[in-house]
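Every number here is computed from the coordinates shown, using simple stated rules; none is lab data. Since the structure is predicted, the reported quantities are computational estimates derived from the model, not experimental observations. As a convention, Cβ positions derive from the backbone with ideal geometry for all residues, glycine included, and neighbour counts pool all protein chains shown.
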Amino acid sequence: MVDDNELERLRFTTVPAPSAEARARALQAAMTAFDDAENNAAATQASEGGRRLTDRVHKLWSEMMTKKFLTAPALAGAVALPLAAYVTFQVIEQQGFDFGRGRGELRQTNQPVAKPSEAENRDVATELAAPQQPEAAIAQEAAPSAGGQPAFAPPPAPAPQSASRDMARSSGVVAPKMLTRSPTDLLPPATENRDRVQTFDGNPIKVTAEEPVSTFSIDVDTASYSFVRRSLKEGFLPQADTVRVEEMINYFPYDWQGPNDAKDPFKSTVSVFPTPWNAGTKLMHVAIKGYDVQPVERPRANLVFLIDVSGSMNAPDKLPLLQSAFRLLVNTLQADDTVSIVTYAGEAGTVLEPTKASDRQAILDAIDRLQPGGSTAGAAGIEEAYRLAQKSFVQGGVNRVMLATDGDFNVGQSDDADLKRLIEDRRKAGVFLSVFGFGRGNLNDQMMQTIAQNGNGTAAYIDTLAEAEKVLVEEAGSTLFPIAKDVKIQVEFNPAAVSEYRLIGYETRALNREDFNNDRVDAGEIGSGHSVTAIYEITPKGSPAEMVDDLRYGEATVQNPGGIANADEYAFVKIRYKAPDSVTSTLITTPVTKANEASSFDTAGVDQRFSVAVAAFGQKLRGEDATAGFGYDRITEIATAARGDDPFGYRAEFLSLVRLASALEAGKR
């Protein structure tokens with residue numbers, strides 16, 4: 001045994017000066033110990049299941065001190081070895097040597113690490129060669145582009161070194177040293193926006209004496225509102241051509257007065273009141289409410305789900321959302337309704353032959369089996385869908401193809417005119433078509449509008465499951481069950497009372513004057529319980545708000561030698577429609593007189609005022625001159641006061657969108 005006096009003498013023994021050769025041997029020993037520990041440990045360094053190398057050193061030291069077998073040289077070596085290991089660790093930390101670069105990243109298994117590929121080596125070289133740039137340059141590159149795309153926040157600053165070590169220990173892995181990244185690596189990859197949108201100009205002001213008649217097809221589509229909502233929630237103002245004001249207005253349910261029974265499919269209500277954004281004009285508000293078919297009166301439904309499963313649908317807001325949406329719809333069907341499913345991706349295929357809704361599980365299982373992949377042969381899919389619809393055709397019932405797609409018809413018959421002719425032919429045979437758009441970046445809005453308008457159907461854009469519930473559950477009756485088709489509106493203005501007028505929205509639904517009485521000309525349909533609204537801004541005769549001067553060499557007049565009849569009327573509203581199974585139209589007329597006029601905007605109905613707030617918002621998003629001086633705060637004020645009954649929160653959401661648009665607009669200044 002070694003007594004205490006001998007140990008005391010060792011304290012004052014002169015330790016030999018370290019040599020370079022001894023230091024090299026110590027470093028090599030430390031590296032070897034590190035590699036042995038890594039290769040033999042059951043878990044990586046700092047994992048909870050493994051012991052650290054320092055634990056082994058403490059144990060060895062404890063055993064040596066307990067047994068007391070040290071001599072002076074042995075004790076000196078034992079002290080020098082851990083000291084050399086510690087120095088080695090500090091050198092590695094300060095110089096940034098990366099063990100993972102030469103031997104692969106550390107893993108939690110004892111399996112050999114695969115050799116990096118040549119492409120990976122090139123990536124590493126590129127990262128190492130990327131020059132550092134000032135933070136200001138990074139911020140400049142991260143700023144929003146002129147195209148109005150959403151801005152991305154710069155990456156967070158790297159955590160302090162001690163915090164980084166703590167995170168590595170808690171995760172059970174050793175993180176490699178962070179390499180300098182170029183600013184372009186910090187930004188998300190740019191994605192190509194391939195959305196196709198129908199372009200159009202806003203309706204101009206018309207002089208009543210020159211063009212007293214306005215004719216258009218009704219529109220019950222709502223796709224534009226959903227598209228605008230998604231744009232605003234993603235942090236950028238929508239493109240002007242994605243904003244169709246009539247679709248914004250008609251997105252909301254209104255409590256217009258409807259017909260008393262099914263003999264009259266709908267009823268119209270016309271009102272006149274001052275324009276909130278122009279003191280010199282008035283608004284003529286035309287509201288139509290469809291008859292709400294009761295469940296016991298519902299006809300049988302023969303539905304064909306035509307589902308796009310092309311590669312472009314491989315995104316969370318596309319095929320997975322589509323599947324959830326159609327599951328909701330299936331749960332609303334009656335037992336004797338029929339469902340078929342056709343998919344298309346490169347070529348069309350029948351996933352489910354006509355199946356009664358009573359076999360609900362078979363339908364749901366077929367929906368769940370859908371997988372994305374391939375290019376899109378949409379026309380072939382439509383042909384197959386129409387074949388199945390005809391196979392299970394229900395006389396006197398609802399026969400409808402329901403197309404769900406992101407709109408990427410990139411293979412096969414892709415011309416909109418060809419699709420239009422195909423859909424028109426099937427419509428005449430009694431099979432209607434509705435289209436539901438999903439996702440962004442590939443949406444063919446123009447195609448959706450074309451086929452919905454010519455298929456006697458509706459176009460809706462589904463961006464959330466809540467929107468799917470609104471369209472396919474809450475409004476299933478109006479979506480699936482038409483009560484009137486080829487609905488047209490024609491308004492004749494009285495030049496003695498109205499000098500100018502402008503239709504707000506419906507630019508893509510304009511018809512020629514002679515089309516109104518031509519039953520061969522197609523127009524929109526109204527579903528069960530549908531609400532449809534059209535708003536004209538009119539300028540009373542002699543108002544200081546008149547935009548067009550009188551002619552110098554003779555005032556334009558309407559040839560009427562006997563004088564203008566019904567001079568106390570503002571206008572005469574005519575509506576034509578056909579029953580779903582009829583080829584002959586029916587006419588409804590409504591004169592608009594002072595009796596239809598409210599004394600002030602605030603005395604107009606709650607629903608009228610809210611719809612006007614939506615109309616103002618849509619025009620402002622489009623950049624229309626009429627509302628250039630009308631602020632978002634005023635729109636918010638009107639909509640808040642006219643919020644009324646809002647059981648599903650649609651109007652509350654509208655108010656939040658107005659606030660978002662206001663903030664984004666302010667950020668552009």
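Applying a threshold of 32 Å to the alpha-carbon distances of K356/K420; K267/K428; K289/K594; K578/K620 flags K578/K620 as lying beyond it.
Classify the range 254-339 as rounded, prolate or oblate, taking a ≥ b ≥ c as the square roots of the eigenvalues of its Cα gyration tensor: rounded when a/c is under 1.5, otherwise prolate if a/b is larger than b/c and oblate if not. Because a/c hits 1.5 or more and a/b fails to exceed b/c, the range 254-339 counts as oblate.
Summarising the amide proton neighbourhood of F481: residues at separation of 5 or more, or on other chains, whose placed amide H is nearer than 5 Å comprise S528.
If packing is taken as the mean number of other Cβ atoms within 10 Å per residue, what is the order of 502-514, 537-549, highest first?
Values: 502-514: 18.3, 537-549: 15.5.
Descending packing order for the listed peptides: 502-514, 537-549.
Annotation: amide H of E347 within the under-5 Å range of A377, sequence separation 5 or more or interchain, hydrogens built in the peptide plane. Couplings for the range 456-461, taken from phi via the Karplus curve 6.51 cos²θ - 1.76 cosθ + 1.60 with θ = phi - 60°, read 6, x, 10, 10, 10, 10 Hz in order; Gly and Pro are left as x.
Computed packing ranks the peptides 620-631, 482-493 as 482-493, 620-631, most packed first, by mean other Cβ atoms within 10 Å. For the peptides 381-388, 661-668, the ranking by packing is 381-388, 661-668, with the highest mean count of neighbouring Cβ atoms within 10 Å listed first. Here's how it looks for T355: its modeled amide H is under 5 Å from those of V339, S340, which are all 5 or more places away or on a different chain.
Each part gets one Cα centre, and for the range 456-499 versus the range 582-624 those centres are 15 Å apart.
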